[in-house]
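First up is the structure itself, then whatever we jot down about it.
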Amino acid sequence: MKKGNVLSLISFFGVWEVVGQWQLVDPLFLPAPTVILAEAWKLTCSGELFTHISVSLYRAGMGYGLGALIGVGLGVIVGWSRRLEEYVDPLIEMIRPISPIALLPLMILWFGMGNSSKVIIIFKASLFPILLNTIAGVKGVDIKLIQAAKTLGANQRQVFCKIILPASLPMVLTGLRISTALAMLAIVGVEMLAAESGLGYLLVEAERVFDTPKMFVGLLVLGILGYLWDRLVRFAQNRILLWHRQTTLEGEI
Amino acid sequence: MPLIDVHKVRKVYANGQGKNTVALDDFSLQVEEKEFITIVGPSGCGKTTFLLLVAGLEQITSGVLLFDGHPIDGPDANQTIIFQEYVLFPWRTVAGNIEFGPEVKGISKRKRREIIKNYVRLVGLEGFENRYPHELSGGMRQRVAIARALANEPKLLLMDEPFGSLDALTREAMQVELLRIWQENRCTVLFVTHSIEEAVFLSDRLVVVSSQPGRVKKIFHIPFGRPRKREIITSTDFVALAAEVKGLILEEENYKERINRWEK
């Protein structure tokens, strides 16, 4: 972390702690960070927090993984074939604006209250950025790269594997990164509405008994998880795309 | 039999709004094996179009275009093109770029390593095998592009203003380099440029193309022996020849201007 990052975090939580300790705001609404940490420690020791995290991560991971698999697979095919895009485009544009949460009642009807309905919702939430970025990535491949490959003797399949795929990878990975945040957003919503476990459930449960510190623990964990997930994808992105990073603005920063 | 036989080729681009552009018309040219041909002409005269046709990346509208006695019906490893912007594969190292052609041909890894070694040496990039294109200068990138094309052992090398984006000094150095490489490899070269000096210096024959529509206006036989030294460009013969070519091209430019004035 850079100096500015640390300073910003310290001052933010410092001011908050002062407000909490002096009770400038009713602790029912805003408990001090130390109180929240104590609560977090308690929940960790009892194993409750771990259970909720693992359940949420399992659902989010499954849905996201499915979204990545199908998003990239379908995106590559659709981007490659102009014909297919004609057929798929209206469907994509119609399903895309529907909020993932709005699908919940139907999914419960179809798949019941278990994990599958939640996984499907997360899948829906993470699919589209991946799909659309992949399509754009494939379509955006420089025609000259393809021409160069062809005049070097590459056939259609080789152009696809050796040119289209690596050239569109930067866009694909950007889609994967955007979707991590969306998956996190969706999982909480779904768990708040229809679940007996998970971080979203933890939040609702805390609200029912006015356990504000617990609520904050839930939020804190969500923030940290989202951050770590994004870091992971970004790490992979940088490792895979060394060549790309240094030819674009990103390498300058 | 000439390696490339171009007979009354016509190429029309439809721009979608019913307006057609005739890029080439009645274009005829015979290129012999191992010849170094340069093509010059005013901008927009269809030089690049001609290269794309020979590369199989564009289709002729009418006429006959034979390569090795067969009509060209698509891109082929026998005709490799080198673009002005190098178009290296940025995710591949220098070695990875050079071995692309042999790789898609299915040549074994061991043999490819040998090929890489040979062509890296040929273009003088020893020690840079594992660098990525973005780590190289423009001149070095174009060397990689040349090595990548030659590693494929094409019968014909098509070069579309390959040195156009290099600075003047690098450009001169690359011209000398190219001749040295060509002397060693001896494939047929079709070289498009807008630099008359470059064209005269490099080629066996120089083709001047007229503009709109492009057709062969005049073919010059370049009398200078090989191997050529850079010094010849200051000789009186060279200067006189370059001036004659320039005069022809300027004629074309003026001609174009007149037409433009009429249309206004």
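The values are calculated or read from the model by the stated rules, or taken from the named source; none is laboratory data. Bear in mind that the values here come from a model prediction, so they are computed numbers and not experimental data. Quick reminder, even Gly has a Cβ in these numbers, built from the backbone with ideal geometry, and neighbours come from all protein chains shown.
Listing for the model above:
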item	result
Among the residues listed as B:138, B:124, the single one being surrounded by fewer than 19 Cβ atoms within 10 Å (Cβ to Cβ) and within 23 Å of residue B:47 (Cβ to Cβ)	B:138
Selected residue (only one of A:150, A:144 is within 9 Å of another protein chain (Cβ to nearest Cβ), buried (at least 21 other Cβ atoms within 10 Å of the Cβ), among the basic types (Lys, Arg) and over 18 Å from residue A:99 (Cα atoms))	A:150
Close pairs (8 angstrom Cβ cut-off, 6 or more residues apart or separate chains): facing another protein chain (nearest Cβ under 10 Å) and without any contact (Cβ under 8 Å) to a residue 60 or more places away in the chain in the range B:143-164, part of a helix (DSSP H, G or I) and among the β-branched types (Val, Ile, Thr) anywhere	B:151/B:98; B:151/B:115; B:151/B:116
One residue from B:95, B:149 being surrounded by 16 or more Cβ atoms within 10 Å (Cβ to Cβ), under 21 Å from residue B:35 (Cβ atoms) and of a type in the set (Gly, Ala, Ser)	B:149
Residue match in the range A:221-236 (condition: at pLDDT 90 or above, in a helix (DSSP H, G or I) and over 14 Å from the mean Cα position of the chain (by Cα))	yes
Hits in the range A:156-174 - residues which are buried (at least 20 other Cβ atoms within 10 Å of the Cβ) and more than 10 Å from every other protein chain (Cβ to nearest Cβ)	A:164, A:168, A:171, A:172, A:173
Qualifying residue in the range B:107-121 (condition: surrounded by fewer than 16 Cβ atoms within 10 Å (Cβ to Cβ), more than 25 Å from residue B:51 (Cα to Cα), of a type in the set (Gly, Ala, Ser) and away from chain A (no Cβ under 14 Å))	yes
The range B:33-58 residues that are farther than 17 Å from residue B:154 by Cβ and within 14 Å of chain A (Cβ to nearest Cβ), paired with ones that are in a strand (DSSP E or B) and at pLDDT 90 or above (beta carbon under 6 Å, 6 or more apart)	B:48/B:160
Conditions (1) under 18 Å from the mean Cα position of the chain (by Cα); (2) over 17 Å from residue A:178 (Cβ atoms): number failed by residue A:66	(2)
Some residue of the range A:61-80 being more than 27 Å from residue A:119 (Cβ to Cβ) and modelled with pLDDT under 95	yes
Residue identified as more than 19 Å from the chain's Cα centre (by Cα) and among the hydroxyl-bearing types (Ser, Thr, Tyr) among B:21, B:80, B:38, B:48	B:21
Number of the condition not met by residue A:13 [criteria: (1) surrounded by fewer than 19 Cβ atoms within 10 Å (Cβ to Cβ); (2) closer than 25 Å to residue A:170 by Cβ]	(2)
So residue A:116, is it among the hydroxyl-bearing types (Ser, Thr, Tyr), in contact with a Phe, Trp or Tyr (Cβ under 8 Å, 6 or more places away or on another chain), more than 14 Å from chain B (Cβ to nearest Cβ) and closer than 27 Å to residue A:60 by Cβ	no
Residue in the range A:94-108 that is of a type in the set (D, E, K, R) and without any contact (Cβ under 8 Å) to a residue 40 or more places away in the chain present	yes
2 or more residues closer than 25 Å to residue B:53 by Cα, of a type in the set (Asp, Glu) and modelled with pLDDT under 90: qualifying strands (runs of 3 or more DSSP E) within the range B:132-237	none
In the range B:186-239, the residues that are closer than 26 Å to residue B:149 by Cβ and basic (Lys, Arg)	B:186, B:205, B:226, B:228, B:229, B:230
Every pair of residues 6+ apart whose Cβ atoms lie under 6 Å, when the first sits in the range A:35-55 and is over 16 Å from residue A:191 (Cα atoms) and modelled with pLDDT of 90 or more while the second is assigned to a helix (DSSP H, G or I) and of a type outside the set (A, V, I, L, M)	A:35/A:213; A:36/A:213; A:36/A:216; A:39/A:213; A:39/A:214
Filter result for the condition that a residue is under 15 Å from the mean Cα position of the chain (by Cα) and either under 14 Å from residue A:64 (Cβ atoms) or among the polar types (S, T, N, Q) (or both), over A:168, A:197, A:179	A:179
Which numbered condition residue B:73 misses (of (1) out of contact with any helix residue (DSSP H, G or I) (no Cβ under 8 Å at 6 or more places or on another chain); (2) away from every other protein chain (no Cβ under 14 Å))	(2)
Search result, residues across the range B:25-48 that are more than 30 Å from residue B:184 (Cα to Cα) and in contact with a helix residue (DSSP H, G or I) (Cβ under 6 Å, 6 or more places away or on another chain)	B:42
